[in-house]
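**Q** Attaching a single structure in structure tokens format; questions to follow.
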Amino acid sequence: MSLKLLWNSLRLMICLLLLGGCATNQLVKNMEVTAYCGCGECCNWERGSWKYLKLNFWNRYINAGPQKGQPYSGLTASGTKPHEPQPGLFSLDSLKKPWMIPIRIIFFPWLLLPEDGTLAADTRYYPFGTRIYVPGYGYGVVEDRGGAIKGQYRLDAYFNSHGKALKWGRQKLTVEIER
């Protein structure tokens, strides 16, 4: 009798754990979300230096701001390489494109786990590592601070191409900030 009671309570605890999810404290805010990419137009860099008459076109240099003339590394302010969010195997993207599941498993096994994208924010309000859900973009982590991103109601979402960033544009969205 007690074994059956123990088994039932164990099943109940497992169900509650699976259905309950993580108890995270989330803050919901209306924010203006803009887009950027790693191109020279978005990140203020240019190929070659006038010091070498632009003959060293394989090098990139910052062309505006306090670090003008310094080499451009392409890294974020926190020292990471920026990236778009990846949905992973077990996501809504797999339901929309089920034919991609075998391809992801065989050819791209490192894409099985989801990966958060790169966001730029004012680090006085959102320190590096703050995880934010942006509708239409996915989850992102604050890893950068933009030159024009000032205040607690502005975000910049990273995209891999300038065309995607232009298509996103500037949107006012309700985002969820995990604490």
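**Q** Taking a threshold of 21 Å on the Cα-Cα distance, which of the pairs K29/K150; K29/K164; K29/K96; K81/K164 fall above it?
**A** K29/K164; K29/K96
**Q** Counting other C-beta atoms within 10 Å, which of L166, L27, L173, L155 has the fewest, and how do the rest follow?
**A** L27, L166, L173, L155
**Q** How long are the semi-axes of the equivalent ellipsoid of the range 98-179, taking √(5λ) for every eigenvalue λ of the Cα gyration tensor, in whole Å from largest down?
**A** 27, 15, 11
Taken together, the values in this text are just the output of simple stated rules run on the coordinates, not laboratory data. Here the structure is a predicted model, which means the values were calculated and not measured. Backbone-built Cβ (ideal geometry, glycine too); neighbour counts: all protein chains shown.
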